[in-house]
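Structure first, then comments.
The values are calculated or read from the model by the stated rules, or taken from the named source; none is laboratory data. Remember, it's a predicted structure, so these values are computed and weren't measured experimentally. Glycine gets a Cβ as well: all are built from the backbone with ideal geometry, and neighbour counts include every protein chain shown.
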Amino acid sequence: MNKEQCFQLGYVAKVHGLRGEVNVMLDVDYPEDYEDLKHLFVEQKGRLVPFFLEHFVLQPGNKALAKFEELNTIDQVEALVGSEVFLPLTELQELEEDQYYFHELIGFEVFDETKGLIGPVQIVYDLETQDLLVVTHQGKEVLIPIQDGIILKVDKAAKKVFCQLPDGLLEIYLED
């Protein structure tokens, strides 16, 4: 399994207790969709390694208490702390017609109501304070906030994002 076939569920935050349990911070909107996990992939040295779970119990605050099969001591799980955890894209929940996952937007063309074609989405930053589309426009990197009122519509079939950019946003990036 490689990263292109997966999405990041979260990361191993710390060891919990003495019997090989770990706290996993979840980076998903609906943690309850993942409460019955039987396995996940942990990134180790740039590779995704499958781990089977004895249990995966949701905790308040987008956390889960996880116990991996055959890992029963602090020493065995300590090396996993800080590692990102992944699931195959096939594990993603189906979305409504007007909903989308950020990773789906990579490669979509962004169009502004008045300026027309802005450019392709290169990256999506999912930050605590603000989610951003990184779009290439006239050879420059432009950051577009993912907000109601700015992102008007996403057409998944046509691979297009329609937006209404705030006045002056594009010009900021085009100045030398």
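Annotation note: of Leu80, Leu71, the sole residue that is part of a loop (DSSP other than H, G, I, E, B), in contact with a helix residue (DSSP H, G or I) (Cβ under 6 Å, 6 or more places away or on another chain) and not polar (S, T, N, Q) is Leu71.
Remark: pairs (first residue in the stretch 58-75, loosely packed, with under 14 Cβ neighbours inside 10 Å; second residue modelled with pLDDT of 90 or more and assigned to a loop (DSSP other than H, G, I, E, B); Cβ separation under 7 Å; 6+ apart in sequence or on different chains) = Thr73/Gly20. In the stretch 76-102, the qualifying residues are those that are touching a residue at least 12 places away in the same chain (Cβ under 8 Å) and of a type in the set (Ser, Thr, Tyr), and the one that is surrounded by the fewest Cβ atoms within 10 Å (Cβ to Cβ) is Tyr101. Just one of the listed residues (Leu105, Leu165, Leu152) is over 26 Å from Gln8 (Cα atoms), out of contact with any Phe, Trp or Tyr (no Cβ under 9 Å at 6 or more places or on another chain) and surrounded by 13 or more Cβ atoms within 10 Å (Cβ to Cβ), and it is Leu165.
So is Phe162 among the aromatic types (Phe, Trp, Tyr), assigned by TED's automatic domain parsing to the domain that holds Phe51 and not in a loop (DSSP other than H, G, I, E, B) or not? Spelling it out, it is not the case that Phe162 is among the aromatic types (Phe, Trp, Tyr), assigned by TED's automatic domain parsing to the domain that holds Phe51 and not in a loop (DSSP other than H, G, I, E, B). The set of residues in the stretch 13-33 that are surrounded by 13 or more Cβ atoms within 10 Å (Cβ to Cβ) and touching a helix residue (DSSP H, G or I) at 6+ places or on another chain (Cβ under 8 Å) comprises Val15, Gly20, Glu21, Val22, Leu26, Val28.
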